[in-house]
1. Among the aspartates and glutamates, select those whose C-alpha is under 15 Å from the C-alpha of LYS8, and discard any that sit fewer than 8 residues away in the same chain.
2. Using modelled backbone amide H atoms (1.01 Å from N, in-plane), which distant-in-sequence or interchain residues come within less than 5 Å of ILE210's amide H?
3. Which lysines have a Cα lying under 25 Å from the Cα of LYS132, excluding residues fewer than 8 positions away in the same chain?
4. Where does each of 66-79, 166-179 land if you order them by average Cβ count within 10 Å, highest first?
5. Apply the Karplus parameterisation 6.51 cos²θ - 1.76 cosθ + 1.60, with θ equal to phi minus 60°, to every residue of the range 255-266 and state each ³J(HN,Hα) to the nearest whole Hz, in sequence, with x for glycine and proline.
6. Under 8 Å for C-alpha pairs, at least 6 residues apart: give me the relative contact order for the range 1-101, rounded to a whole percent.
7. Quote the convex hull volume per residue of the chain, based on C-alpha atoms, as a whole number of Å³.
8. Before anything else, pin down the relative contact order of the chain: Cα pairs under 8 Å, at least 6 apart, normalised by residue count, whole percent.
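We did not get these values from a lab; they are worked out from the coordinates using the rules stated. Just so it is clear, the model here is predicted, and its values are computed rather than measured. Heads up, the Cβs are rebuilt from the backbone with ideal geometry, glycines too, and the neighbour counts pull from every protein chain shown.
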Amino acid sequence: MSTMSTLKLGDASVHYREAGSGPDAVLLLHAFPLHSGMWAPQMGALAASCRVLAFDYRGLGQSHPAPAATTMDLIASDALALLRRLGLRRVVVAGLSMGGYAALELYRRAPEIFRGLALCDTRATRDTEEAKANREVFARNALAKGLPWVMDEFTPKLLRPSPDPAVVQTVRSLIGEGTPEGVAAAQRGMALRVDSVPTLASITCPTLVIVGDEDQLTPFADAQRLASTVKGARLMRIPGAGHLSNIEAPGAFNAALTSFVASLPA
């Protein structure tokens, strides 16, 4: 079972979850527009062998207030502040979707902290101008129409084409625990992210790429490009899962991630 705590950073309160113990630590970075609660299946699985952490980005979950834009640099800064607070110098970092974008920024900032890296249902390229414009439209709609609109608009894109109704409800609940301001800030932050393709060739830690084989947002071809660009990266395809492969196929996802962590050198 995880414990929940809050880290004060200036005027911000960053909510985080922690489970397990031991010398090995894993930091989980969540997807848009959810929060750290999406990692519940993984925290339970990983806690048996290591210490595992996950935090909410500002404006999502219980972290507040939302900034004007939740940039990848801001998420990386919050992650480093949390690790310093907890006295952790080296971790395995796993990021899914937006969490993958943040993980790559964190690697640029502090490669020395990485024992390993898992890039899950994500990509390294930056947004096109069209994609940036679409994010701004989404941000404005979220502010004008609220979280019920966000749930209706985005939940189907996060899951496989014929999702389990219980999983749909879980995802909607996770989205509903954020704020419209946090959703808008996350979209605007993702629009500002830099191209991480050049970063991939510089990654020297062991790397695992995971993708749901029914991912509609970052399909298998994106995962293949990631895995082929990071030297020595392993690619794991999760059957029967969409973009949120950790929620739709937790058994297969947990097996891939826990075996990866267990395989890392001390």
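1. ASP56, ASP78
2. LEU119, CYS120, ASP121, MET236
3. LYS145, LYS157
4. Numbers: 66-79: 20.6, 166-179: 17.9.
Answer by packing, highest mean first, reads 66-79, 166-179.
5. 4, 5, 6, 5, 5, 4, 4, 5, 7, 6, x, 5
6. Computed over the range 1-101, the figure is 33 percent.
7. On the way: hull volume 29.1 nm³, N = 266.
Measuring per residue, one finds 110 Å³ for the Cα hull of the chain.
8. On the way: 570 pairs, mean separation 55.4, N = 266.
21 percent.
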